[in-house]
1. For the stretch 25-34, just list the computed ³J(HN,Hα) in residue order, Karplus coefficients 6.51, -1.76 and 1.60, θ = phi - 60°, integers in Hz, with x standing in for Gly and Pro.
2. Going by a 4.7 Å Cβ-Cβ cut-off, which cysteines of the chain have no partner at all?
3. Based only on other Cβ atoms within 10 Å, what is the fewest-to-most ordering of Trp115, Trp135?
4. Taking Cα pairs under 8 Å and at least six residues apart, what relative contact order does the chain come out at, in percent?
5. Could you line up Ser145, Ser163 from fewest to most neighbouring Cβ atoms inside 10 Å?
6. Give the order of Tyr126, Tyr139 when sorted by the count of other beta carbons within 10 angstrom, beginning with the fewest.
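Just so it is clear, none of the values below were taken in a lab; they were calculated from the coordinates. Note that the coordinates shown come from a computational prediction; the quantities given were computed from them, not determined experimentally. When we count neighbours, we look across all protein chains shown, and the Cβ atoms used for this are built from the backbone with ideal geometry, even at glycine.
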Amino acid sequence: MAKVVQTEVEYPVARPWQIWLMTVLIGLAFGLVSWILTVLLTNYVIEPLACRQIANAATNCVNATGLAGNVAAIMSALLGLLVLVRLRIAQPIVITVGTAAILWSLATWTTGLAWFEVIAWSILLYGLCYALFAWITRYPRLVVSAIIATLIVLIIRIGLVLSTSA
């Protein structure tokens, strides 16, 4: 009698392009959400609290937009996670955490741009990040996707640090 031995091989999961496109569209929407949250947090939470005292206003008010942007990135990641889980998108934690890690200082990067440029960059970068991590999550195992996503985040963040220091 012949024995049949099955080995487990990890191949990318073929997903319909509609699911990938829906994930990208969600990313575009959360780019706008992130910008709106940054503006609201800056104007109604961070600046009124940090800029209240004249002695601390010089140091705290300068970082208000960056801090609001980082809080907005966390809030966008949590909201994005809820939406992706609700829509049953595979491995939503990899998509949202990877996007938040790459775009952590987006509000600081876009300081000095016009409001419509900031909106455009935010929407574009969130859409691209969601597209990238949705493509990475084609692998059926979370560990493989998480390792690849971590390597991508490290490479991009190191590149960003080197480009700003040069």
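1. With the stated coefficients, the stretch 25-34 comes to 5, 5, x, 4, 5, 6, x, 5, 4, 4 Hz.
2. Cys129
3. Trp115, Trp135
4. About 34 percent, as a whole number.
5. Least crowded to most crowded, the residues run Ser163, Ser145.
6. Ordered by Cβ neighbours within 10 Å, fewest first: Tyr139, Tyr126.
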